[in-house]
Amino acid sequence: MWIPLVICSAVFLGIYDIFKKLSLKGNAVLLVMLISSATSLLMFLPLIILSSVSPLTLEGTVFFIPYTNPHDQFLIFIKSIIVWASWIFSFFAMKYLPISIVGPIRSSAPMWTLCGAVLVLHESLTASQWCGILLIIISLYLYSFLGKKEGIRFSRNIWIVFIFLGTILGSVSALFDKYLIAQCGIPKMEVQAYFSIYQFLLMIPTVMILWFPNRKYADQFQWRWTIPLIGVFLVFADFFYFYAISIPGALIAVISAIRRSNVIISFLAGAVIFKEQNIVKKGFVLIGVLLGIGILYLK
(Lines give C-alpha, C1' and ligand atoms only; values in the text may rest on other atoms or scores of the structure.)
Protein backbone atom coordinates (compact mmCIF):
# COMPACT_ATOMS: atom_id res chain seq x y z
CA MET A 1 0.00 0.00 0.00
CA TRP A 2 2.81 2.43 0.76
CA ILE A 3 4.51 2.28 -2.66
CA PRO A 4 1.57 3.89 -4.55
CA LEU A 5 1.57 6.66 -1.93
CA VAL A 6 5.24 7.36 -2.62
CA ILE A 7 4.60 7.42 -6.38
CA CYS A 8 1.92 10.07 -5.78
CA SER A 9 4.43 12.01 -3.69
CA ALA A 10 6.99 11.82 -6.52
CA VAL A 11 4.51 13.26 -9.04
CA PHE A 12 3.67 16.23 -6.80
CA LEU A 13 7.37 16.70 -6.01
CA GLY A 14 8.21 16.92 -9.70
CA ILE A 15 5.56 19.62 -10.25
CA TYR A 16 6.87 21.40 -7.13
CA ASP A 17 10.35 21.51 -8.72
CA ILE A 18 8.96 23.08 -11.89
CA PHE A 19 7.19 25.83 -9.95
CA LYS A 20 10.41 26.45 -8.00
CA LYS A 21 12.38 26.96 -11.19
CA LEU A 22 9.71 29.26 -12.67
CA SER A 23 9.57 31.28 -9.46
CA LEU A 24 13.29 31.62 -8.80
CA LYS A 25 14.51 32.77 -12.21
CA GLY A 26 15.78 36.35 -11.73
CA ASN A 27 13.95 36.62 -8.43
CA ALA A 28 14.77 37.14 -4.75
CA VAL A 29 15.35 33.58 -3.53
CA LEU A 30 14.77 34.16 0.18
CA LEU A 31 11.50 36.02 -0.33
CA VAL A 32 10.26 33.25 -2.61
CA MET A 33 11.08 30.76 0.15
CA LEU A 34 9.31 32.90 2.76
CA ILE A 35 6.11 33.23 0.73
CA SER A 36 6.01 29.56 -0.24
CA SER A 37 6.52 28.64 3.43
CA ALA A 38 3.70 30.99 4.40
CA THR A 39 1.44 29.29 1.86
CA SER A 40 2.15 25.87 3.35
CA LEU A 41 1.45 27.21 6.83
CA LEU A 42 -1.85 28.79 5.76
CA MET A 43 -3.00 25.43 4.42
CA PHE A 44 -2.46 23.83 7.83
CA LEU A 45 -3.50 26.70 10.10
CA PRO A 46 -7.28 26.04 9.98
CA LEU A 47 -6.68 22.34 10.73
CA ILE A 48 -4.32 23.15 13.61
CA ILE A 49 -6.84 25.57 15.14
CA LEU A 50 -9.81 23.26 14.66
CA SER A 51 -7.89 20.30 16.10
CA SER A 52 -7.10 22.38 19.19
CA VAL A 53 -10.45 24.07 19.90
CA SER A 54 -12.72 21.25 18.71
CA PRO A 55 -10.71 18.01 18.56
CA LEU A 56 -13.78 15.78 18.18
CA THR A 57 -14.53 17.39 14.82
CA LEU A 58 -11.44 15.97 13.11
CA GLU A 59 -10.38 13.22 15.48
CA GLY A 60 -10.22 9.88 13.69
CA THR A 61 -9.61 11.48 10.29
CA VAL A 62 -6.32 11.96 8.42
CA PHE A 63 -6.68 15.73 8.94
CA PHE A 64 -6.52 15.68 12.73
CA ILE A 65 -3.37 17.42 13.99
CA PRO A 66 -2.49 16.54 17.60
CA TYR A 67 -0.01 18.24 19.89
CA THR A 68 1.79 15.56 21.86
CA ASN A 69 4.44 17.11 24.11
CA PRO A 70 7.27 19.70 24.15
CA HIS A 71 9.94 17.02 23.62
CA ASP A 72 8.33 15.87 20.37
CA GLN A 73 7.94 19.49 19.29
CA PHE A 74 11.66 20.05 19.92
CA LEU A 75 12.48 17.09 17.65
CA ILE A 76 10.22 18.51 14.93
CA PHE A 77 12.02 21.84 15.32
CA ILE A 78 15.37 20.09 14.78
CA LYS A 79 13.94 18.58 11.58
CA SER A 80 12.86 22.08 10.52
CA ILE A 81 16.41 23.39 10.93
CA ILE A 82 17.78 20.56 8.77
CA VAL A 83 15.21 21.22 6.04
CA TRP A 84 15.74 24.99 6.31
CA ALA A 85 19.46 24.54 5.59
CA SER A 86 18.69 22.11 2.76
CA TRP A 87 16.27 24.62 1.23
CA ILE A 88 18.77 27.48 1.41
CA PHE A 89 21.33 25.47 -0.54
CA SER A 90 18.85 23.89 -2.95
CA PHE A 91 16.85 27.04 -3.79
CA PHE A 92 19.95 29.07 -4.67
CA ALA A 93 21.30 26.19 -6.76
CA MET A 94 17.93 25.81 -8.51
CA LYS A 95 18.04 29.50 -9.43
CA TYR A 96 21.44 29.37 -11.13
CA LEU A 97 21.57 25.84 -12.59
CA PRO A 98 19.55 24.18 -15.39
CA ILE A 99 16.72 22.09 -13.97
CA SER A 100 17.88 19.11 -16.05
CA ILE A 101 21.22 19.26 -14.18
CA VAL A 102 19.65 19.85 -10.75
CA GLY A 103 17.12 17.03 -11.10
CA PRO A 104 19.59 14.17 -11.61
CA ILE A 105 21.88 15.44 -8.83
CA ARG A 106 18.89 15.52 -6.53
CA SER A 107 18.16 11.98 -7.69
CA SER A 108 21.36 10.89 -5.94
CA ALA A 109 19.53 11.36 -2.63
CA PRO A 110 18.61 7.64 -2.47
CA MET A 111 22.31 6.81 -2.31
CA TRP A 112 22.85 8.90 0.82
CA THR A 113 19.56 7.76 2.34
CA LEU A 114 20.37 4.11 1.68
CA CYS A 115 23.72 4.45 3.43
CA GLY A 116 22.09 6.10 6.42
CA ALA A 117 19.25 3.58 6.45
CA VAL A 118 21.74 0.70 6.66
CA LEU A 119 24.25 2.25 9.07
CA VAL A 120 21.89 4.19 11.35
CA LEU A 121 18.43 2.66 11.06
CA HIS A 122 19.74 -0.86 10.32
CA GLU A 123 17.44 -1.46 7.37
CA SER A 124 18.25 -4.63 5.44
CA LEU A 125 18.99 -4.19 1.74
CA THR A 126 19.50 -6.63 -1.10
CA ALA A 127 22.49 -6.92 -3.43
CA SER A 128 20.39 -5.55 -6.30
CA GLN A 129 19.67 -2.38 -4.34
CA TRP A 130 23.39 -1.77 -3.87
CA CYS A 131 23.85 -2.28 -7.62
CA GLY A 132 21.28 0.45 -8.13
CA ILE A 133 23.34 2.84 -6.03
CA LEU A 134 26.48 2.24 -8.12
CA LEU A 135 24.54 2.74 -11.36
CA ILE A 136 23.22 6.10 -10.12
CA ILE A 137 26.73 7.24 -9.10
CA ILE A 138 28.20 6.32 -12.49
CA SER A 139 25.34 8.00 -14.34
CA LEU A 140 25.72 11.22 -12.35
CA TYR A 141 29.48 11.19 -13.02
CA LEU A 142 28.78 10.99 -16.75
CA TYR A 143 26.23 13.77 -16.34
CA SER A 144 28.99 16.09 -15.10
CA PHE A 145 30.59 16.04 -18.58
CA LEU A 146 27.34 17.29 -20.11
CA GLY A 147 27.29 20.08 -17.52
CA LYS A 148 30.72 21.27 -18.73
CA LYS A 149 29.26 21.84 -22.20
CA GLU A 150 26.90 24.37 -20.65
CA GLY A 151 29.76 26.18 -18.90
CA ILE A 152 29.10 24.28 -15.68
CA ARG A 153 32.26 22.75 -14.26
CA PHE A 154 31.30 20.57 -11.33
CA SER A 155 34.63 21.09 -9.56
CA ARG A 156 34.54 24.91 -9.79
CA ASN A 157 30.89 25.87 -9.63
CA ILE A 158 29.67 26.97 -6.20
CA TRP A 159 26.04 26.17 -7.14
CA ILE A 160 26.97 22.55 -7.78
CA VAL A 161 28.38 22.44 -4.24
CA PHE A 162 25.14 23.99 -3.00
CA ILE A 163 22.91 21.42 -4.70
CA PHE A 164 25.01 18.55 -3.36
CA LEU A 165 24.86 19.96 0.19
CA GLY A 166 21.12 20.49 -0.16
CA THR A 167 20.72 16.92 -1.38
CA ILE A 168 22.72 15.40 1.48
CA LEU A 169 20.84 17.43 4.07
CA GLY A 170 17.59 16.32 2.43
CA SER A 171 18.68 12.71 2.94
CA VAL A 172 19.46 13.43 6.59
CA SER A 173 15.97 14.86 6.92
CA ALA A 174 14.46 11.70 5.37
CA LEU A 175 16.27 9.49 7.88
CA PHE A 176 15.14 11.77 10.69
CA ASP A 177 11.55 11.55 9.40
CA LYS A 178 11.65 7.77 9.72
CA TYR A 179 13.07 8.12 13.24
CA LEU A 180 10.38 10.62 14.30
CA ILE A 181 7.40 8.68 12.94
CA ALA A 182 8.43 5.02 13.13
CA GLN A 183 10.62 5.02 16.25
CA CYS A 184 9.42 8.01 18.29
CA GLY A 185 5.79 7.42 17.34
CA ILE A 186 5.03 11.08 16.60
CA PRO A 187 1.82 11.36 14.51
CA LYS A 188 2.56 12.09 10.85
CA MET A 189 0.24 15.08 10.64
CA GLU A 190 1.81 16.63 13.72
CA VAL A 191 5.23 16.36 12.09
CA GLN A 192 4.11 17.91 8.81
CA ALA A 193 1.92 20.66 10.25
CA TYR A 194 4.23 21.91 12.98
CA PHE A 195 7.20 21.62 10.66
CA SER A 196 5.43 24.16 8.42
CA ILE A 197 5.11 26.52 11.39
CA TYR A 198 8.78 26.29 12.39
CA GLN A 199 9.93 26.53 8.77
CA PHE A 200 8.05 29.80 8.33
CA LEU A 201 9.39 31.17 11.62
CA LEU A 202 12.95 30.31 10.59
CA MET A 203 12.52 32.08 7.26
CA ILE A 204 11.49 35.41 8.81
CA PRO A 205 14.88 36.19 10.47
CA THR A 206 16.67 34.68 7.45
CA VAL A 207 15.02 37.23 5.15
CA MET A 208 15.55 40.09 7.61
CA ILE A 209 19.25 39.33 8.12
CA LEU A 210 20.39 38.13 4.69
CA TRP A 211 18.10 39.84 2.17
CA PHE A 212 16.60 43.01 3.68
CA PRO A 213 19.89 44.89 4.42
CA ASN A 214 21.12 44.12 0.87
CA ARG A 215 17.81 44.51 -0.94
CA LYS A 216 19.07 47.43 -3.10
CA TYR A 217 21.91 45.33 -4.49
CA ALA A 218 20.32 41.88 -4.48
CA ASP A 219 17.79 40.56 -6.98
CA GLN A 220 14.54 42.48 -6.73
CA PHE A 221 11.43 40.56 -5.77
CA GLN A 222 8.94 39.88 -8.55
CA TRP A 223 5.54 38.45 -7.72
CA ARG A 224 4.60 35.37 -9.73
CA TRP A 225 1.55 33.17 -9.35
CA THR A 226 3.87 30.15 -9.28
CA ILE A 227 5.36 31.19 -5.91
CA PRO A 228 2.45 30.12 -3.65
CA LEU A 229 2.05 26.98 -5.76
CA ILE A 230 5.49 25.88 -4.50
CA GLY A 231 4.02 25.63 -1.00
CA VAL A 232 0.79 24.02 -2.20
CA PHE A 233 2.44 21.19 -4.10
CA LEU A 234 5.02 20.64 -1.35
CA VAL A 235 2.17 20.06 1.12
CA PHE A 236 0.60 17.46 -1.18
CA ALA A 237 3.95 15.77 -1.85
CA ASP A 238 4.80 15.60 1.85
CA PHE A 239 1.31 14.41 2.82
CA PHE A 240 1.66 11.24 0.74
CA TYR A 241 5.31 10.90 1.82
CA PHE A 242 4.61 11.03 5.56
CA TYR A 243 1.59 8.77 5.13
CA ALA A 244 3.83 6.17 3.46
CA ILE A 245 6.46 6.37 6.21
CA SER A 246 3.81 5.79 8.88
CA ILE A 247 2.79 2.42 7.39
CA PRO A 248 4.49 -0.52 9.19
CA GLY A 249 7.16 -2.20 7.09
CA ALA A 250 7.83 0.81 4.88
CA LEU A 251 11.56 1.25 4.13
CA ILE A 252 12.88 4.80 4.00
CA ALA A 253 15.64 3.63 1.64
CA VAL A 254 13.10 2.45 -0.93
CA ILE A 255 10.78 5.42 -0.30
CA SER A 256 13.61 7.84 -1.00
CA ALA A 257 14.50 6.06 -4.23
CA ILE A 258 10.94 6.03 -5.55
CA ARG A 259 10.40 9.66 -4.54
CA ARG A 260 13.44 10.71 -6.58
CA SER A 261 11.74 9.45 -9.72
CA ASN A 262 10.34 12.98 -9.81
CA VAL A 263 13.46 13.60 -11.92
CA ILE A 264 11.42 12.40 -14.92
CA ILE A 265 9.09 15.39 -14.59
CA SER A 266 12.00 17.79 -14.00
CA PHE A 267 13.79 16.48 -17.10
CA LEU A 268 10.70 16.83 -19.29
CA ALA A 269 10.21 20.36 -18.01
CA GLY A 270 13.81 21.18 -18.89
CA ALA A 271 13.17 20.00 -22.44
CA VAL A 272 9.69 21.41 -23.06
CA ILE A 273 9.39 24.51 -20.85
CA PHE A 274 12.93 25.79 -20.30
CA LYS A 275 14.42 24.74 -23.67
CA GLU A 276 17.68 23.62 -22.04
CA GLN A 277 20.72 22.34 -23.90
CA ASN A 278 21.92 18.79 -24.63
CA ILE A 279 18.52 17.31 -23.83
CA VAL A 280 19.01 14.22 -26.02
CA LYS A 281 22.39 13.38 -24.49
CA LYS A 282 21.05 14.10 -21.00
CA GLY A 283 18.17 11.78 -21.77
CA PHE A 284 20.48 8.88 -22.56
CA VAL A 285 22.44 9.42 -19.33
CA LEU A 286 19.20 9.84 -17.44
CA ILE A 287 18.26 6.32 -18.49
CA GLY A 288 21.11 5.11 -16.26
CA VAL A 289 19.74 7.11 -13.32
CA LEU A 290 16.26 5.73 -13.89
CA LEU A 291 17.56 2.16 -14.23
CA GLY A 292 19.41 2.61 -10.94
CA ILE A 293 16.25 3.88 -9.28
CA GLY A 294 14.31 1.03 -10.86
CA ILE A 295 16.72 -1.50 -9.39
CA LEU A 296 16.23 0.10 -5.99
CA TYR A 297 12.52 -0.69 -6.26
CA LEU A 298 13.39 -4.36 -5.97
CA LYS A 299 13.32 -5.99 -2.58
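The values are calculated or read from the model by the stated rules, or taken from the named source; none is laboratory data. Please read these numbers as outputs of a predicted model, since none were measured by experiment. Note: ideal-geometry Cβ built from the backbone for every residue, glycine included; neighbour counts use all protein chains shown.
How about the range 190-237: which of its residues are more than 20 Å from the chain's Cα centre (by Cα), more than 14 Å from A28 (Cβ to Cβ) and charged (D, E, K, R)? Of everything in the range 190-237, nothing turns out to be more than 20 Å from the chain's Cα centre (by Cα), more than 14 Å from A28 (Cβ to Cβ) and charged (D, E, K, R). T61 meets each of the listed conditions (1) part of a helix (DSSP H, G or I); (2) closer than 23 Å to V232 by Cα; (3) free of Cβ contacts under 8 Å to residues at least 12 places away in the same chain apart from (1). Taking the conditions exactly as written (under 22 Å from S51 (Cα atoms), surrounded by fewer than 17 Cβ atoms within 10 Å (Cβ to Cβ) and in contact with a helix residue (DSSP H, G or I) (Cβ under 9 Å, 6 or more places away or on another chain)), does L210 satisfy them or not? In short, no.
Residue-by-condition table, conditions (1) among the charged types (D, E, K, R); (2) touching a Cys at 6+ places or on another chain (Cβ under 8 Å); (3) farther than 29 Å from L114 by Cα:
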| site | (1), (2), (3) |
| --- | --- |
| F195 | no, no, no |
| Q220 | no, no, yes |
| R224 | yes, no, yes |
| G231 | no, no, no |
| L234 | no, no, no |
| Y241 | no, no, no |
| A250 | no, no, no |
| R259 | yes, no, no |
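Every listed requirement among (1) at positive phi; (2) crowded, with 21+ Cβ neighbours inside 10 Å is met by K178 save one, (1). So if I check each of F44, F74, which one is more than 12 Å from A193 (Cβ to Cβ), in a helix (DSSP H, G or I) and either modelled with pLDDT of 90 or more or aromatic (F, W, Y) (or both)? Unique residue meeting the criteria: F74. The condition of being surrounded by fewer than 19 Cβ atoms within 10 Å (Cβ to Cβ) and either under 17 Å from the mean Cα position of the chain (by Cα) or part of a helix (DSSP H, G or I) (or both) does not hold for L121.
If you go through the range 134-148 and keep only what is modelled with pLDDT under 70 and either touching a Lys or Arg at 6+ places or on another chain (Cβ under 8 Å) or not basic (K, R) (or both), you end up with I137, L140, Y141, Y143, S144, F145, L146, G147. For the range 1-41, a residue qualifies if it is assigned to a helix (DSSP H, G or I) and basic (K, R), and the qualifying residues are K20, K21. The set of residues from the range 201-245 being without any contact (Cβ under 8 Å) to a residue 12 or more places away in the chain, outside any loop (DSSP other than H, G, I, E, B) and not hydrophobic (A, V, I, L, M, F, W, C) comprises P205, P213, N214. Residue under question is P46, and the condition is that it be within 22 Å of S266 (Cβ to Cβ), free of Cβ contacts under 8 Å to residues at least 12 places away in the same chain and over 13 Å from the mean Cα position of the chain (by Cα); does it hold? It is false that P46 is within 22 Å of S266 (Cβ to Cβ), free of Cβ contacts under 8 Å to residues at least 12 places away in the same chain and over 13 Å from the mean Cα position of the chain (by Cα).
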